[in-house]
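As structure tokens, the structure follows; a few thoughts come after it.
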Amino acid sequence: KCHSKCINQDLTQASIKAPVASFPSLLALPVLFKKQLRDEEAEEGTAVKFQCELTKDNAAVEWRKGTMELFPCAKYEIKLSGRTAELVIHNVEPEDA
């Protein structure tokens, strides 16, 4: 009888989508992860939060579980504030591992 579920950072990922530069001669610094994702543990039925910090403000962030892209809905809450990207998974189930 398992009451908690470990959410593995290797299966839940954030990636950064960098826009194509309008002027190729101007080299912009790439957006990098300043603070990486970590494994999180949560009780089944509760919420778990993943957070990462980027090197640039308001970069386009894409959250994925394996190859599937996650979108905001009742299950997934996605926030971007400055350099902090956050994913909250509500009502955690074993399938979320």
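A few remarks follow.
- Residue-level analysis places A28 among those that are at pLDDT below 85, open to solvent by 50 Å² or more (accessible area, probe 1.4 Å), farther than 13 Å from P94 by Cβ and aliphatic (A, V, I, L, M).
- Filtered by the rule that a residue be charged (D, E, K, R), open to solvent by 50 Å² or more (accessible area, probe 1.4 Å) and within 14 Å of N91 (Cα to Cα), region 31-81 gives E41, E43, E44, K49, E77.
The values are calculated or read from the model by the stated rules, or taken from the named source; none is laboratory data. Because the structure is a prediction, the values reported are computed rather than measured. Note that we place each Cβ from the backbone using ideal geometry, even for glycine, and neighbour counts take in every protein chain shown. Only protein heavy atoms, including side chains, enter the accessible area calculation; ligands, DNA and RNA are left aside. Shrake-Rupley method; radii C 1.70, N 1.55, O 1.52, S 1.80 Å.
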